[in-house]
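Every number in this text was worked out from the coordinates using simple rules, so none of it is lab data. None of these values were measured; they are calculated from a predicted model. Positions of Cβ are backbone-derived with ideal geometry, glycine not excepted, and every protein chain shown enters the neighbour counts.
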Amino acid sequence: MRKQLFVANWKSHKTQSEAQLWLQTFTPLLYQTTHTVILCPPFPLLAFCKSYIAEHHLPITLGSQTVSPHEEGAYTGEVSARTLKDFVEYVIIGHSETRQLHHETDEQLQQKVTLALAHGLTPIYCVSTETQPIPKLVTIVAYEPLFAIGSGHPANPNAVEEIAHSIKQRYAVSYILYGGSVTGEDVMQFSRLLSIGGVLVGGASLSPQSFAKIIHHA
Ligand code: PGA
């Protein structure tokens, strides 16, 4: 079986006690997996999740949902790659929600990638169309068409394969993930695609049962 990446993007959900309950429930459901499981909770929950994972020796890696485009300085509310590197190995960059909410430009996204890499973090670079540029040295791309995010209507797997294949031809990336309304019922349609190496999950990652089902049904 190909090793795949399963990313849980909690967005702005969960308190610390909810995160604890999620981890407690998820642990026995995960049992043996050879896949890479990446949990992306909100910033304030990273430290707690990190200790919980270490204490229980869980095969889960942490990621952040965004990163500052600045090395450090007077940027209220921004969290730098330098700060994040003590907590996470991965960082989601250019999610369509952060692109929209923070009016992120391609230059800023490039800067985020540069800083993430400089601090040893691996970017998970999101694009919602085939034509959005992907910065050099990005090895993980998540293709998430806008209409499929949070809509309950995942994209057509044939169309996803076509776009993922074309991205792979143009960029030297190792993994292309699909994201957009993935559930345990439909994950197989995407995980079996030749050019797809995993999934990025929003809504269905909030329940430990649904997220575990996605991993086991892939
Ligand atoms: P969704 O979110 O699984 O809820 O569609 C995916 C995402 O936004 O990354």
Query raised in the report: How much length, in nm to one decimal, is gained on full extension between A118 and H70, taken as 0.36 nm per residue of separation minus their Cα-Cα distance?
Result: 16.1 nm
Query - Ellipticity estimate at 222 nm from DSSP helix runs (n ≥ 4, -39,500 (n - 2.57)) divided over the chain, nearest 500 - result: -10000 deg cm²/dmol
Report task. Once you have the Cα-Cα distance between D186 and S151, take 0.36 nm times their residue separation minus that, and quote the gain in nm to one decimal. Result -> 11.2 nm
Requested in this report: Could you check the simple spin-label distance between D106 and L29, using points 7 Å along Cα→Cβ, in nm with one decimal?
Outcome: 4.0 nm
Query raised in the report: Pulled fully out, how much extra length does the chain show between L137 and A54, if you take 0.36 nm times their separation in residues and subtract their Cα-Cα distance?
Result: 26.9 nm
Requested in this report: Using only C-alpha atoms and all pairs of different ones, pull out the Kirkwood radius for the chain in Å with one decimal.
Outcome: 17.3 Å
Report summary line: When the chain is treated as a Gaussian network with springs between alpha carbons less than 10 Å apart, the largest mean-square fluctuation among V79, V127, V88 is found at V79
Requested in this report: Between T15 and S166, with labels modelled 7 Å along Cα→Cβ, what's the label distance in nm to one decimal, could you check?
Outcome: 4.7 nm
Report summary line: Phi-derived 3J(HN,Hα) across segment 86-101 with the Karplus relation (6.51, -1.76, 1.60, θ = phi - 60°), rounded Hz, x for Gly and Pro, is 7, 10, 10, 10, 10, 9, 6, 10, x, 4, 4, 6, 6, 4, 6, 5
Requested in this report: Quick one: which residues, 5 or more positions from Y125 or on another chain, have an amide H under 5 Å from its amide H? H modelled 1.01 Å from N in the peptide plane, none for Pro or chain starts.
Outcome: I93, I140, V141, A142
Report task. With 28 Å as the limit, write out which pairs from K136/K213; K3/K168; K3/K136; K3/K213 have Cα-Cα distances beyond it, or answer none. Result -> K136/K213
Report task. Using only alpha carbon pairs under 8 Å that are at least six residues apart, calculate the relative contact order of the chain and give it in whole percent. Result -> 20 percent
Report task. Return the sequence-ordered ³J(HN,Hα) values of segment 156-161 in whole Hz as given by the Karplus equation 6.51 cos²θ - 1.76 cosθ + 1.60 applied to θ = phi - 60°, using x for Gly and Pro. Result -> 6, x, 5, 5, 5, 4
